[in-house]
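This is the structure I want to talk about, given as structure tokens.
Coordinate-derived values only; no laboratory data. Bear in mind the structure is a predicted one, so any value in this text is a computation, not a measurement. Virtual Cβ from ideal backbone geometry, glycine too; neighbours counted across all protein chains shown.
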Amino acid sequence: RLKKGRALAQDVWSIYNVANLPADCINLGQGYMNFSPPQWIKDAANDALATVVANHYSHPKGRIRLREAIRNYYSHDFGRDLNVETEIVVTSGANEGEPYDFVHLNQYLIQEGDEVIMFEPFFDQYLACVVFNGGVPVYVPLHPDMSKDKPTGDDWKIDFDELRRAVTSRTKIIIVNTPHNPVGKVFTRLELEKIAALAEEFNLLVLSDEVYDTLVFDGKEHIRFATLPGMWDRTVTVESAGKMFAATGWRVGWLIGPSWIMHPTLAATTRIVFCSNSPMQEAVATGLEQVASRGFIENQLQEYTERRKILTDALDKLGAKYTLPEGTYFLLLDISDLKWPEDYPFPDSVLGRGRDFKACWFMAMEIGVSSIPVSEFYCEEHVDIGENFARFAFCKDTETLKRAAERLQALS
Ligand code: GLN
């Protein structure tokens, strides 16, 4: 169990923030792009700003044009004609897609002491959201098999007996994140079916964070949890324009789910932010309306495949061990062998944490490439798993990744 204290502690993103790192450090830490959204989407944002209405409040559910674009884009995937009035809520980002609306959701569904199961490593915002709402996080680690020559996300396995043992009479929610940040694992149908069977047996709600669903490599299939038999009515799917359109600062995301969950979520959203950023919603609507005709998702995936290759080629050249991501723009480097001088001057913020906190600091300072320590995404009892890994984000232009790749050769 973690106390609220950890959720109130300094977050990993601000410790490894560019503001604290040398100016010439290449930032592969926090997952955001060093390139803009496509021009045609930025043009749509400017067009929206030029109108009067798009500069003002939107409906708390989201602008109708965006909700219709969401319905048209996702209905086929979900195998149902999504209802724009009752089954879609636009949120302030996928942090509103990941944590923020998740907070709203939890405010209504979690009572003091209720338990929420999350797989480790977990995106850090989940923990804070559960804890802030009086819930109790329960951790089920994915078990990496790093003995393999070339491990992939699929080599991070769920122990289903362990998962079953984690369920108690207080369990309310299980959080699924596929493609998974930070492992890059794309959950298989079999894995998701087993989770679904537990959700059914113990009457659990499932929060399915699928914000990296447009970044699934090598033809692997992304399965939407809500489409598994019987799961629609107990699943909320979280999506993000930030990941889809390289616009993480726009703060536009959305939730898709059954009306009984969307209703209280909307009520909470309305009271906290009232509505999400209006002009950016219009721009994202244009994005969703035009992605298919522009072949945008396929092209973007191709670009990310090349970005991933720049990093993996560099690590292969080094003979380094890493987890090949099946999805997302994150890669976990095995840093268990990395060493630094005993008397290295680490700042207080990284002391007393897993050894990965030191490793990431050391690599940022001495090699000039920043990354994120993975033990942040584990409970204290499981830091020994996470501290063997540093997470590198490859949502950067190829020139930057090539420079990072060169610098990483210093790890040899
Ligand atoms: N999703 C981003 C990442 O994992 C970070 C978002 C945030 O900083 N809250 O890097």
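Run through every distinct alpha carbon pair of the range 260-412 and return the Kirkwood hydrodynamic radius in angstroms, one decimal place.
Taking every pair of different Cα atoms in the range 260-412, averaging 1/r and inverting gives 18.4 Å.
Quick one: of the DSSP bridges fully inside the chain, what percent are antiparallel, nearest 5?
50
Take the Cα radius of gyration of the range 238-283 and divide it by 2.2 N^0.38 Å, with N its residue count; two decimals is plenty.
1.23
Under 12 Å from the Cα of K157, which aspartates and glutamates turn up, not counting those fewer than eight places away in the same chain?
List returned: E120, D145, E191.
Compare the peptides 207-217, 398-408 by average per-residue count of other Cβ atoms within 10 angstrom and give them in order, highest first. Present the calculation step by step, with values, prior to reporting the outcome.
Values: 207-217: 24.4, 398-408: 17.5.
Highest mean packing first, the order is 207-217, 398-408.
Using the count of nearby Cβ atoms within 10 Å as a rough guide to exposure, how do E239, E221 rank from fewest to most?
E221, E239
Using only the Cα atoms of the range 1-56, what do you get for the radius of gyration and for Dmax, in Å?
In order Rg, Dmax, the Cα atoms of the range 1-56 give 18.5, 50 Å.
222 nm [θ] for the chain, helices only, -39500 (n - 2.57) per DSSP H run of 4+, per residue, to 500?
-11000 deg cm²/dmol
Quick query: amide H of N177 versus all other amide H atoms, modeled in the peptide plane; which residues come in under 5 Å with a sequence gap of 5 or more or a different chain?
D209
On to the next question. Residues with amide H under 5 Å of L142's amide H, sequence separation 5 or more or different chain, H placed in the peptide plane at 1.01 Å from N; which?
Residues meeting the amide H criterion: E120.
Let me ask something additional. Rounded to two decimals, what is the ratio between the C-alpha radius of gyration of the range 42-81 and 2.2 N^0.38 Å?
Here the answer is 1.44, to two decimals.
How big is the equivalent ellipsoid of the range 185-231 along its three axes, where each semi-axis is √(5λ) from the Cα gyration tensor, reported in whole Å from largest to smallest?
Taking √(5λ) for each Cα gyration eigenvalue gives 21, 11, 8 Å.
How much length is gained on full extension from F35 to D313, taking 0.36 nm per residue of separation minus their Cα-Cα distance?
So the chain would gain 97.9 nm between F35 and D313.
Would you mind getting me the FRET efficiency between S147 and A197? Use the beta-carbon distance for r and R0 = 22 Å, nearest 0.05.
With a Förster radius of 22 Å, E is 0.15.
Also: Viscosity 1.567 mPa s, temperature 4 °C: give me the Stokes-Einstein translational D for the chain in µm²/s, with Rh taken as the Kirkwood radius over C-alpha pairs.
It comes out at roughly 60 µm²/s.
Between R170 and L301, 0.36 nm times their residue separation minus their Cα-Cα distance comes to what?
43.1 nm
Among the listed pairs K194/K321; K148/K172; K42/K321, which are separated by more than 32 Å between their Cα atoms?
K148/K172; K42/K321, as the Cα separations exceed 32 Å there.
Another question, then. Residue by residue through the range 174-182, what is 3J(HN,Hα) from phi via Karplus (6.51 cos²θ - 1.76 cosθ + 1.60, θ = phi - 60°)? Round to whole Hz and write x for glycine and proline.
10, 9, 10, 9, 9, x, 8, 9, x
Enumerate the amide H contacts of S240 below 5 Å, restricted to partners 5 or more residues apart or on another chain; note that Pro and chain-start residues carry no placed amide H.
W254
Compute log10 of I(q)/I(0) for the range 273-332 with the Debye formula, placing one identical point scatterer on every Cα and leaving out solvent, at q = 0.19, 0.27 Å⁻¹, to two decimals.
Rounded to two decimals, the profile gives -0.79, -1.06.
Now for a separate question. Just want to confirm a number: the relative contact order over the range 333-412, from Cα pairs under 8 angstrom separated by 6+ residues, in percent.
Values: 99 pairs, mean separation 24.7, N = 80.
Relative CO of the range 333-412 lands at 31 percent.
Hey, what do the phi angles of the range 185-199 turn into as Karplus ³J(HN,Hα) couplings, whole Hz, using 6.51/-1.76/1.60 and θ = phi - 60°, x for Gly and Pro?
7, 10, 4, 7, 4, 4, 4, 5, 5, 5, 5, 4, 4, 5, 4
Provide the per-residue ³J(HN,Hα) series for the range 66-75, in order, calculated from phi with Karplus coefficients 6.51, -1.76, 1.60 and θ = phi - 60°, each as a whole number of Hz, with x at glycine and proline positions.
Residue by residue, the range 66-75 yields 5, 4, 5, 5, 5, 4, 5, 6, 9, 4 Hz.
Could you state the orientation-averaged shadow area of the convex hull built on the Cα atoms of the range 129-228, in nm² to one decimal? Walk me through the numbers before you get to the answer.
Details: hull surface 28.6 nm².
Computing the convex hull of the Cα atoms and averaging its projections yields 7.2 nm².
So, one more: Among the trypsin sites (Lys or Arg not before Pro) within the range 1-69, which fall in a DSSP loop and have no more than 12 other Cβ atoms within 10 Å of their own Cβ? Please list the in-between numbers first.
Numbers: sites: R1, K3, K4, R6, K42, K61, R63, R65, R67; in loops: R1, K3, K61, R63.
In loop regions of the range 1-69 (DSSP not H, G, I, E or B), the sparsely surrounded trypsin sites (Lys or Arg not before Pro) are R1, K3.
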